[in-house]
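The block underneath contains the structure these notes are about, expressed in structure tokens.
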Amino acid sequence: MSCPLDYSLCNQTVTVYRLENGKVSRRVLENAWYHWQMEQVTDEMGTRQERKFSLILPGTDDLLPGDRVFDGIGPEITEKNWPAFIPVRVPGVSQVQYVKPCYWQGTLCHTEAGKK
């Protein structure tokens, strides 16, 4: 039996970036569901705004913690400007904290990723 979930709301585009072996890769992914919000966080360093998000990609994807996600079609990024391409400096950027593959009766339905 195929996955009974309805992915009709997965109609957004995101760009996923990864730094690997000194090179930045960029992938534009369609059919995503991406929801983010800013939250106020208070800790021993003070109070700041943090971008929390959830991302759902139907089917399989090789997302990894540390990947960066841009809402929409993102710019080309090089190794030189990678250090500045972070959520606190670039509006629309989030960094993946967790990745969770989701199954239905042993078959992968979608991949969830985000930051809590």
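Do the conditions hold for I56, that is, is it over 14 Å from the mean Cα position of the chain (by Cα), among the aliphatic types (A, V, I, L, M) and surrounded by 18 or more Cβ atoms within 10 Å (Cβ to Cβ)? It is false that I56 is over 14 Å from the mean Cα position of the chain (by Cα), among the aliphatic types (A, V, I, L, M) and surrounded by 18 or more Cβ atoms within 10 Å (Cβ to Cβ).
The set of residues from the range 3-53 being part of a loop (DSSP other than H, G, I, E, B) and farther than 18 Å from V96 by Cβ comprises C3, P4, L5, D6, Y7, S8, L9, N11, N21, G22, E44, M45.
Across the range 47-76, what is the number of residues that are of a type in the set (V, I, T) and modelled with pLDDT under 95? Final tally of qualifying residues: 2. Candidates in the range 59-92 are the residues that are touching a residue at least 40 places away in the same chain (Cβ under 8 Å) and not in a loop (DSSP other than H, G, I, E, B); of these, the one that is surrounded by the most Cβ atoms within 10 Å (Cβ to Cβ) is V69. Listed by first and then second residue, the pairs linking a residue in the range 8-21 that is surrounded by fewer than 15 Cβ atoms within 10 Å (Cβ to Cβ) and of a type in the set (A, V, I, L, M) to a residue that is in a strand (DSSP E or B) and at pLDDT 95 or above, with Cβ atoms under 9 Å apart and 6 or more places separating them unless they lie on different chains, are L9/W33; L9/I56.
Inside the range 93-116, residues that are surrounded by fewer than 12 Cβ atoms within 10 Å (Cβ to Cβ), without any contact (Cβ under 8 Å) to a residue 24 or more places away in the chain and either over 15 Å from the mean Cα position of the chain (by Cα) or more than 23 Å from S8 (Cβ to Cβ) (or both) make up a count of 2.
Of all residues assigned to the range 21-30, none qualifies as being within 10 Å of the chain's Cα centre (by Cα) and at pLDDT 90 or above.
Does I56 satisfy the criteria of being touching a strand residue (DSSP E or B) at 6+ places or on another chain (Cβ under 7 Å), in contact (Cβ under 8 Å) with a residue 12 or more places away in the chain and outside any strand (DSSP E or B)? No; evaluated as a whole, the condition is false for this residue.
Taking residues in the range 25-38 that are on the phi > 0 side of the Ramachandran plot, and partners anywhere that are of a type outside the set (A, V, I, L, M), the pairs with Cβ atoms closer than 7 Å and at least 6 places apart or on different chains are N31/C10; N31/N11; N31/P58.
Has the range 104-116 got at least one residue that is assigned to a helix (DSSP H, G or I), out of contact with any Pro (no Cβ under 8 Å at 6 or more places or on another chain) and within 29 Å of V41 (Cα to Cα)? No: the range 104-116 contains no residue that is assigned to a helix (DSSP H, G or I), out of contact with any Pro (no Cβ under 8 Å at 6 or more places or on another chain) and within 29 Å of V41 (Cα to Cα).
The values are calculated or read from the model by the stated rules, or taken from the named source; none is laboratory data. It should be emphasised that the depicted structure is a prediction, and the values quoted were computed from it without experimental measurement. Note that we place each Cβ from the backbone using ideal geometry, even for glycine, and neighbour counts take in every protein chain shown.
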